[in-house]
Amino acid sequence: MRKLRTSSSSRSLFHHPRDSTSSQRRASLRYFRKMGDPVTDYTARLQQQEREIRSLSAEIESLKNPQNLSPSPRLDELREENTRLKYRLNILKRSLQEEKPHCSKSMMNINQQLQEIFGEAIRASCPELDNPPLAVTPNQQAKFGDYQCNSAMAMAQMLKAKGIKVSPREIAERIVQNLPDNELVQKTEIAGPGFINIHLKRTFVSKLLSNLLVNGVQPPPLASRKKVVVDFSSPNIAKEMHVGHLRSTIIGDSMCRLFEFLGYDVLRLNHVGDWGTQFGMLIAHLQDKFPNYLTVSPPISDLQAFYKESKKRFDEEEDFKKRAYQCVVRLQSKEPDFIKGWNLICDVSRREFQKVYDCLDIQIIERGESYYQDLMTRVVKEFEAKGLMELDEGRKIVFAPGQSIPLTIVKSDGGYTYDTSDLAALHQRLFVEKADVIIYVTDSGQATHFQVVFAAAQMIGWYNPQVTRVEHAGFGVVLGEDKKKFKTRSGDTVRLMDLLEEGLKRSMDKLKEKERDKVLTPEELIKAQRSVAFGCIKYADLSHNRINDYVFSFDKMLDDRGNTAAYLLYAFTRIRSIARLANIDEAALRKAAETTEVLLDHEKEWKLGKCILRFPEILQKILDDLLLHTLCDYLYELATTFTEFYDSCYCVEKDRKTGEVIKVNMWRMLLCDATAAIMAKGFEILGINPVHRM
């Protein structure tokens, strides 16, 4: 970073506070742009000055003789220079604010903006604290304001540890006094021991809502477009997808949708199990059952039954077992006949997987374990070359720092393991894909495995966790209504296609129960059926904290009361119908968005407006912790807040006798439109496809 030198020419730009006109600020901004980043440079100088002041202040405090407590000339000099620097920094910040293009299309993260405002005030209030805590959260009770800053109490504790006694309330007063000029905050109030209640400017919130209505639901500005790899779904070839694959598929897809909406470059990967010993037994069984498989495509429609037959022979017939192992060796040697048999089996599985992905609207790129075969050898050699491998009864193992369990990267028979393929996959994603973020969506039972893999990758120097985010997003198991692992009555694992088909049947029953078949066309009814069935299955999963187990219940997920997809889909449809019933088309709404102020005088209008604008905050939280139930909770809150608003505020007034529309409160119609727009985007991120009529 370039240092700013104070010369006579630079001093002349800041001759006197009263001379700081807009033209001078622009001139100063142009001057400092030539020198580098002015705000960063001045901030760095300020911090250095403040450190020196703290050091000198501490030196004075430490002097035992009261006669020696006269401030040094150097301290006075630094304080004077510090005051000048702060003044210059404020001018530069105002200039930059005026000059920078306003990204008007993006939704503002109000919480983030308040954190910047209060962060600046907190640093100015207690310069002696290096990393003062910053806590700004939405206020739970409207009577206390819209947001709340709770930093003062923690700051008082930090100061006390330094031997400085200041009450939290006094710190809160300092923070309020140091708040910079801004367009968000109407007023602040200090409550209790030092809570700062924040009231937003209604006119500013109204402008943000107008911006949303004119430009649509746009993501916040992205600092840099990072590459994100999400590893999810990951079924095994030759085995049917079952309910255990449901969570990974749904959660992983929704995470991808979130990153994609926010503007990241996302690679969706399906790390299928398509290599290993089981393919030896499958190919050997294929040769016996369909000896002409090389010329005539074998009719393997039920691959699950085919797998069970081959597994039974593998367990019971010694000759078959030996031949199966020989088939594995020949497959790994990539002999054409064996590769063809392998491809036949993989293709049957892929077709079955695709039926599930089509139902759930999942886009994913398959890269099975076979994709990384050649790279596995190079990874093993790299660990060997760096002396990180140990021999253990013929196996080659790797112990990562802080991990009690080793990785087995070469078996005693010379074969590779899941550990090897996961290391190779991680290497490829880091060095070939150049991913900035890598997320593995698998059940929590694999947490230890990934923890060791990540530790080994850091040990060998593949990535720095402070720079690259590599994370296992684990999840609990799906339980039946008996609170035991979800299985069929016969004790088998539930097939995923059977589950989806049952969902379709039950959603149609629900729609007919509500007599929707009498008002919808056959085509609309089918769309509603699929929307409700698959939307409810997805939402039931995503609305629970992924870390916990959850009980799968069609009755609960299809209930149109409470926090369910059925309730939200019906609520969304009702909101969308308001404009239609008032005979207002989209063109009229668009024109109103550009010309009509969104009034927020009624308490329910204000509550709804603030709730709508919390959307970017919710997405940021999920980006940080990857817990998607936060979005479900928010959409439910938005729907119930809308109901409160609609019950209290007339959007359309009709003649009670004729039913004729006599008045339309257009600003309230715009609030309806904004609510529906946010709900639609939320559904999109969750992978739910709403329909306009249900």
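The values are calculated or read from the model by the stated rules, or taken from the named source; none is laboratory data. These numbers come from a predicted model, not from an experiment. Cβ atoms come from the backbone with ideal geometry, glycine included; neighbour counts cover every protein chain shown. Calculation scope for accessible area: heavy atoms of the full protein, side chains included, ligands and nucleic acids excluded. Shrake-Rupley method; radii C 1.70, N 1.55, O 1.52, S 1.80 Å.
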* Only residues that are open to solvent by 10 Å² or more (accessible area, probe 1.4 Å) and under 30 Å from Glu471 (Cβ atoms): list them for the range 629-654, please. => His629, Thr630, Asp633, Tyr636, Glu637
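Within the bounds of the range 533-542, is there any residue that is assigned by the TED database to the domain that holds Glu637 and either open to solvent by 50 Å² or more (accessible area, probe 1.4 Å) or polar (S, T, N, Q) (or both)?
Scanning the range 533-542, I find no residue that is assigned by the TED database to the domain that holds Glu637 and either open to solvent by 50 Å² or more (accessible area, probe 1.4 Å) or polar (S, T, N, Q) (or both), so the answer is no.
Looking for whichever is surrounded by fewer than 20 Cβ atoms within 10 Å (Cβ to Cβ) and within 30 Å of Ile685 (Cα to Cα) here; the options are Asp315, Asp265. Which one fits?
Asp265
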* Identify, by number, the condition in (1) among the hydrophobic types (A, V, I, L, M, F, W, C); (2) closer than 23 Å to Met241 by Cβ; (3) touching a helix residue (DSSP H, G or I) at 6+ places or on another chain (Cβ under 7 Å) that Phe450 doesn't meet. => (3)
* Asked: Any idea which of (1) under 28 Å from the mean Cα position of the chain (by Cα); (2) free of Cβ contacts under 8 Å to residues at least 12 places away in the same chain is the one Glu433 doesn't satisfy?
  -> (2)
* Return the only residue of Asp517, Asp498 being in a helix (DSSP H, G or I), touching a helix residue (DSSP H, G or I) at 6+ places or on another chain (Cβ under 6 Å) and either open to solvent by less than 90 Å² (accessible area, probe 1.4 Å) or closer than 30 Å to Asp302 by Cβ (or both). => Asp517
* Could you tell me whether the range 543-556 includes any residue that is buried (at least 19 other Cβ atoms within 10 Å of the Cβ), small (Gly, Ala, Ser) and within 29 Å of Pro235 (Cβ to Cβ)? => yes
* Asked: Asn111 is checked against (1) closer than 17 Å to Ile190 by Cβ; (2) open to solvent by less than 40 Å² (accessible area, probe 1.4 Å); (3) in a helix (DSSP H, G or I) and fails just one. What number does that condition carry?
  -> (1)
* Kindly state which strands (runs of 3 or more DSSP E) lie completely within the range 184-251 and contain at least 1 residues that are in contact (Cβ under 8 Å) with a residue 24 or more places away in the chain and under 30 Å from Lys485 (Cβ atoms). => 227-231
* Selection count, the range 563-591, where residues are buried (at least 19 other Cβ atoms within 10 Å of the Cβ), in a helix (DSSP H, G or I) and touching a Leu at 6+ places or on another chain (Cβ under 8 Å) -> 3
* Asked: Out of (1) more than 30 Å from Ala533 (Cβ to Cβ); (2) among the hydrophobic types (A, V, I, L, M, F, W, C); (3) surrounded by fewer than 20 Cβ atoms within 10 Å (Cβ to Cβ), what's the single condition that is false for Leu600?
  -> (3)
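Any idea which residue in the range 120-172 is most open to solvent (accessible area, probe 1.4 Å), counting only those that are small (Gly, Ala, Ser) and either part of a loop (DSSP other than H, G, I, E, B) or under 22 Å from Phe615 (Cα atoms) (or both)?
Here is the first cut: in the range 120-172, the residues small (Gly, Ala, Ser) are 121, 124-125, 135, 142, 145, 151-152, 154, 156, 161, 163, 167, 172.
Add one more test, that the residue is either part of a loop (DSSP other than H, G, I, E, B) or under 22 Å from Phe615 (Cα atoms) (or both), and what stays is 135, 142, 145, 163, 167.
Values: Ala135: 36, Ala142: 81, Gly145: 1, Gly163: 65, Ser167: 56 Å².
Ranking the candidates gives Ala142 first.
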